[in-house]
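Everything below concerns the one structure shown next.
The values are calculated or read from the model by the stated rules, or taken from the named source; none is laboratory data. None of the values given here were measured: they were computed from a predicted structure. As a convention, Cβ positions derive from the backbone with ideal geometry for all residues, glycine included, and neighbour counts pool all protein chains shown. The accessibility values were calculated without ligands, DNA or RNA, using every heavy atom of the protein model including side chains. Shrake-Rupley method; radii C 1.70, N 1.55, O 1.52, S 1.80 Å.
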Amino acid sequence: MNPRPLTTAPGVHIITLGCPKNEADSRTLTRRLASEGIRVVEEPLEASHVLLNTCGFIEDARKESIGAILEAAAAYPTARLHVMGCLVERYRAELEEGLPEVHGWYGLTELGALTAILQAEAGAAVGRESDAVGSVIPASDQTSSGSGPLSAHAYVKISDGCDHLCSFCAIPNIKGPYHSLAPDEVIEQVEGALDTGARELVLVGQDTTLWHADGMDLLDLVALISEDERVLRVRLMYLQPEHVDDRFLTAMAGYPKLCRYLDIPFQHAHRDILRAMGRRGDATAYLRLLERARSIMPDVSVRSTFIVGFPGETEEHVEALADFMRAARFDHAGAFAFSAEEGTPAATLSKRPSARVVRQRMSYVSAILAESAEHACRARLGERVEVLIDAPADADTPEGTVAIGRTRAQAPDVDGVTYLVGQPPPRAAVGDRVQAVVVEAIGHDLVAEPDAIEPA
Ligand code: SF4
């Protein structure tokens, strides 16, 4: 496509869709663009280039990504639209044919080409233009989606790809085999995040437990990251059950900055379904794992995710799953309807429960998980907690709230939050760490009164 003449001061606005790994990728790209002298702007209308980082994991995510492309093309007609990420990796040919309004498509290994194009189109003019117009996000404050300079947490991608080959999952087809990012690539992200004010680093990958490089394993990496005194917390997401053994749990308990938080996507609990998913374990093994975790770390918080409606799933399988969920007492958990992903073995399986049956099963198990999470919140009443402030109060927060934060048991974006209240109102800024007492539980959220504040 012939590049449309630039009518707006050169600058790039980044829109990020999908998972925390995409967030981490957009942050890394933002820092790279800035270090190349390319302006990354907060306001899309001030951008000569709009870059969309897409998700192609499941049907809903694909619809959202394509919707966002069409929306951006309509909303920013003077900008050059570039699209990257998993959607491109999976459907480039169809996208190029179907969406001529997009200037460039970039797969996961083409970020160098993307940077070069942006350098050529948006970077070259920086000298002449920069002080003229628009709010530019300074290099050190540039965050992933241009949504404001400061966040108390940041996602740090430590690996990509996956060797597990679960029968329902398209990620191995999209991202290829598992590979750990080198320690210096991880530390580059960490330093970039700390420079933007993040104090909690959330390590993400498809299976973070498998990370290893330069003779180091995951917990060695946690120790390396924790050396920076600006780091208040490290959190691990996407742990696969077969790698969460006693050695890992016992070692994990020895890292003071590491949140006692286990995000383990069990996906199901009945042996038949797990085997059809290409996964190991079962309810008995998983309950034993949780029992070990709670005996080694009594204050551990557990999150999980489940798939409902897998081909061949019967009422008996669902009852076994429900029994497991009740016995497991999750602090946080979510259930998702099976999605037949093109190119995956599970997409060819027969005996798929009807959409009506899947809806019934989803509401049945979601009610169990919601009750479990609410019970876990009520059990924290009177508990002393450490709250990391993420944001000031806003119009939607309960009356008397002065700030919103999260305890060590609450991951960003997926778990509940903690509202800080108090008379006189405590002065708590984003990134501050607050010692507080839980005075109320509201569904999956907590309300706490501070008794000590440690500024960021
Ligand atoms: S472990 Fe996760 S990313 Fe890997 S194949 Fe299974 S579901 Fe997909």
Filter region 235-252 for residues that are over 17 Å from S159 (Cα atoms) and open to solvent by 30 Å² or more (accessible area, probe 1.4 Å); the one that is nearest to the ligand (Cβ to nearest atom) is E242
Considering residues that are closer than 12 Å to Y255 by Cβ and more than 16 Å from the ligand (Cβ to nearest atom), the number found within region 187-222 is 4
Of the conditions (1) over 13 Å from V447 (Cβ atoms); (2) outside the structural domain of E315 (by TED's automatic domain parsing), the single one that V421 does not satisfy is (1)
Being under 21 Å from the mean Cα position of the chain (by Cα), within 18 Å of D413 (Cα to Cα), buried (at least 20 other Cβ atoms within 10 Å of the Cβ) and in the same structural domain as P298 (by TED's automatic domain parsing) narrows L232, L258, L262 down to just L262
When every residue in region 153-202 that is within 19 Å of the chain's Cα centre (by Cα) and polar (S, T, N, Q) is compared, the one modelled with the lowest pLDDT is T196
Checked region 40-54 for anything open to solvent by 20 Å² or more (accessible area, probe 1.4 Å) and touching a Ser or Thr at 6+ places or on another chain (Cβ under 7 Å); matches are E42, E43, E46
Counting only residues in region 155-167 that are open to solvent by less than 30 Å² (accessible area, probe 1.4 Å) and touching a Gly at 6+ places or on another chain (Cβ under 8 Å), the one nearest to the ligand (Cβ to nearest atom) is identified as C166
Going through (1) open to solvent by less than 10 Å² (accessible area, probe 1.4 Å); (2) within 16 Å of the ligand (Cβ to nearest atom) one by one, I225 fails only at (2)
